[in-house]
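Data block below; observations after.
Just so you know, all these numbers are worked out from the coordinates, no wet-lab data involved. These numbers come from a predicted model, not from an experiment. Every residue, glycine among them, receives a Cβ derived from its backbone with ideal geometry; neighbour counts consider all protein chains shown.
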Amino acid sequence: MLLSLFRRLLAVLLATCVLMGGAMHAEEEFYDDAPSAKKSKKKKKNKKKKKKSRKKRDKEEDYWSGTEWDTDDADSSDADDADDEDTVTKADVDAFFSGADDKPEPVVDKRPSRGSAGEAPAPRIVAEQAPAVKPVVQPGPVPPAPVVSPRDECVKKMLSRPGEVAHTDVEVQHQVWSGRLRINTEQKVLVRLNGRKDVATVLKFDDKELRVKWDLWSEEVYYRQSDGRYVQDAVIDKRVGDEMARRASRVGKRLRSRKAVNWEDYGWTGSLMDWVLGNKPPLTYKVLKLTNERGSFRVRFSEDEMVLAKMGEGNQSAVVLEYTGMKLHVRWENGSTASFKRQKDGSYRKIDDWALARRLREGDDVVREKSEDDWFTVWWRDVMDEEKPLSYKEIRMQIGGTECEPRLSMDNRLLVMIPPQNGWAKVVKINRFQLHIRWHDKQDEIFQRDEDKVYRRAR
């Protein structure tokens, strides 16, 4: 009986445990059913992704290793993973390396376009514009630092800090200005201290001559005088002309005075008597008739002083450059020069120097003199009143650093340049050592003949 009772009690406990376990299991299922299902689904998806990535990595390794490029490693047994598997084909490889995937896909404009009645509007395809590429601005080259030449540095020091550079100051006289020049013989440069601070290159500098080439002007020559100053050659030429003009004016006044005696009245007899008695002979003259483009006029000509004075209107005087009886060459007080030729009636007519210059330059009827020492032939033809052809001789000159050979007409005292040089000049004075000319009746120039028989501007 006890055994049966114990069995019943055990059965009740067992039933109670079963009921309690079912209730607890139902409660757990009630609270944990949804999360467990989600966790199981996530686990399945993670497993699929891992399996899929592992298969893809294996395919890529096989592809790059080159062992199974043309095989398709697919697991046909797994039906769930067959749809999600990415298969790399040869066309995909060609498209990848050809860069076709890099091209931008066209953008489809979904706005309806206008079409015919009853037709559905087709979407418009608009090509996607590439983004604007901003130009890359490259940095430009860095400009080098300015280089200061030793010449410019020397000029600055001579103007601002003369104690830092060796220099020599000289007084000069220009035809327009006068002042002081500062010279540096090392750099061969000079600067003008007064007025404009002009700079020049020193070509020659000694105790006799200063030759410079201005940066903004032409070449100039200065000659040293007894007082230590350097005077421009143009000033010296002007002084020579002024001296000739003063001499003509001074003697001209004597010729117009009553102390002057006509040679026809005085003659050889008066000259002999004054020589015997020891008296100072008076100033004698000859009366000549000259004709130019303005008309005829009379002059008193003194062969002793080689000066003539115009009588009447103007009272202008002139220095006689040359007189041969047939030709008369003069230089008036104002600097103009003229040549006159004797006519059959004894008067002298002015020669057209312009026409002679053209003939000497371009004419075919001119002849060249055989000898520059044939002065007797020229003198004899003038005395005998013989008409001779227009003749010339060639001389060597250096003008502005260029050597040329102009034509010189000794009979007409005319100097004509030959192409490519232009111009002509009247000869004021010429000998074996010096040549004094006046260009176009405007500017005097004096040349000196060197040992190589070239006339150069010098003193």
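Quick notes on this structure:
- A full extension of the chain between Q225 and A15 corresponds to an added length of 60.1 nm, given 0.36 nm per residue minus the alpha carbon distance.
- Segments 314-323, 175-184 sorted - mean Cβ within 10 Å per residue, highest first: 314-323, 175-184
- Projected label distance in nm at N422 and H440, using a 7 Å step from Cα toward the beta-carbon: 0.8 nm
- Reachable lysines, given that their alpha-carbon falls under 21 Å from the alpha-carbon of K45 and they are not under 8 places away in the same chain: K55, K56, K59
- Contact order for the range 244-286, expressed relative to its length and based on alpha carbon pairs under 8 Å spaced 6+ residues apart, stands at 48 percent.
- Relative packing of peptides 190-203, 342-355 - highest average C-beta neighbours within 10 Å first: 190-203, 342-355
- Dipole size of the range 242-339 about its Cα centre, with +1 on Lys/Arg Cβ and -1 on Asp/Glu Cβ: approximately 300 debye, rounded to the nearest 20.
- Charge sum, other residues only, whose C-beta stays under 9 Å from R298's C-beta, Lys/Arg counted +1 and Asp/Glu -1: +3
- Extension reserve of the E153-L193 stretch, reckoned as 0.36 nm per residue once the Cα distance is removed: 12.8 nm
- Cβ-derived FRET efficiency at R0 25 Å, T291 paired with E362, nearest 0.05: 0.35
- When only the Cβ of Lys, Arg, Asp and Glu is charged (+1, +1, -1, -1), the dipole of the range 132-194 relative to its Cα centre reaches about 200 debye.
- Applying a DSSP loop filter and a limit of 16 other Cβ atoms within 10 Å to the GluC sites (Glu not before Pro) in the range 160-248 leaves E186.
- Given their separation in residues at 0.36 nm each and the Cα-Cα distance between them, R247 and K208 gain 11.2 nm when the chain is fully extended.
- At 0.692 mPa s and 37 °C, Stokes D of the range 326-367 from Kirkwood alpha-carbon radius, µm² per second: 279 µm²/s
- Neighbour net charge for V199 - beta-carbon separation under 11 angstrom, K R +1, D E -1: +4
- Amide H contacts of L203 (H built 1.01 Å from N, in plane; Pro and chain starts excluded): R211, V212, K213 sit under 5 Å, all sequence-distant by 5 or more or on other chains.
- Pairs from the list K393/K453; K289/K442; K289/K344; K350/K426 with a Cα-Cα gap above 18 Å: K289/K442.
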